[in-house]
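Structure record follows, encoded as structure tokens.
The values are calculated or read from the model by the stated rules, or taken from the named source; none is laboratory data. Nothing here was measured: the structure is a model prediction, and the numbers come from that model. As a convention, Cβ positions derive from the backbone with ideal geometry for all residues, glycine included, and neighbour counts pool all protein chains shown. Ligands, DNA and RNA are excluded from the accessible area calculation, which covers all protein heavy atoms including side chains. Shrake-Rupley method; radii C 1.70, N 1.55, O 1.52, S 1.80 Å.
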Amino acid sequence: MKIAPSILAADFAHLGDHIKAVGSEADLLHVDAMDGHYVPNISIGSPVVASLRKATDLYLDCHLMVANPGDLLDAFAAAGADGITVHVEVGDTDSLLRRIADLGCKVGLTLEPATPLSEVEKFLDRVDTLLIMSVKTGFGGQSFIPEVLDKVKSAVAWRDHHGRSFEIEIDGGINAETGAAAAAAGVDILVAGTAIFAAPDPQAAARGIRQAALDARS
Ligand code: DX5
Ligand code: ZN
């Protein structure tokens, strides 16, 4: 079970300190890039990834919510991204996944809550991570959509049936309660923004999510 704090909910003026506040409870850092086109919101881009790279050794899990990810892959890889995840909804998936791999990054593919798993199945033999969105992308702090748990279970079944080993990650509205439900459904990586960084003690919050997830699995 891995915990990926989403820095979208952190204090951007004190990002380095806020990341340290999660301490050893962070297994990777989730970095949300939003361009104001694919989603209405604007967040951060590769310059912030370059700064994070100097501040931490944690795996930088970059989720591109942008209309033209192909224009940004080189910059994210050069900045130090470990993994890059693109949305199947923007198209050109074949070439984007190949380019991410060629850049030496782990390959991630994601889909919106309304997009069926069948849209990504043909690419799953080439991904390291399948990110299942549990809110419509664009903003932190939204409520978890429980119906996506069926998609998680279908993805786990598909992976078992085809003998693949990609990790299944979930993103949006994750806290101890929803994280436990996701873990029970078979998720490997829990992304949590608000539940960690808006908590008075981010490390304790992350530990609580991990413990709830582990309990749900046992
Ligand atoms: C949503 C982002 C998420 C977001 C999660 O568009 O992709 O990663 O930061 O935030 P919470 O955990 O607050 O829902
Ligand atoms: Zn995200």
*Sort out which residues of region 151-169 are within 19 Å of the chain's Cα centre (by Cα) and within 13 Å of residue 188 (Cβ to Cβ), and write them in order of number.*
152, 155, 156, 159, 165, 166, 167, 168, 169
*asked:* Looking only at region 98-135, how many residues end up being of a type in the set (A, V, I, L, M), assigned to a loop (DSSP other than H, G, I, E, B) and touching a strand residue (DSSP E or B) at 6+ places or on another chain (Cβ under 8 Å)?
replied: 4
*asked:* Whether any residue in region 76-87 is modelled with pLDDT of 95 or more, closer than 17 Å to residue 126 by Cα and either away from ligand 2 (no atom under 16 Å from the Cβ) or among the hydrophobic types (A, V, I, L, M, F, W, C) (or both) is what I want to check.
replied: yes
*In this structure, does residue 159 turn out to be over 22 Å from residue 7 (Cβ atoms), surrounded by 15 or more Cβ atoms within 10 Å (Cβ to Cβ) and away from ligand 2 (no atom under 13 Å from the Cβ)?*
yes
*residue 165 is checked against (1) loosely packed, with under 15 Cβ neighbours inside 10 Å; (2) within 14 Å of ligand 2 (Cβ to nearest atom) and fails just one. What number does that condition carry?*
(2)
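Quick check on region 19-27. Is at least one of its residues open to solvent by less than 20 Å² (accessible area, probe 1.4 Å), more than 14 Å from ligand 2 (Cβ to nearest atom) and part of a helix (DSSP H, G or I)?
Yes - at least one qualifying residue is present in region 19-27.
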*asked:* Every residue in region 55-90 that is open to solvent by 20 Å² or more (accessible area, probe 1.4 Å) and either on the phi > 0 side of the Ramachandran plot or part of a strand (DSSP E or B) (or both), please.
replied: 59
*Please give the number of the condition residue 150 fails out of (1) surrounded by fewer than 16 Cβ atoms within 10 Å (Cβ to Cβ); (2) touching a residue at least 24 places away in the same chain (Cβ under 8 Å); (3) among the acidic types (Asp, Glu).*
(2)
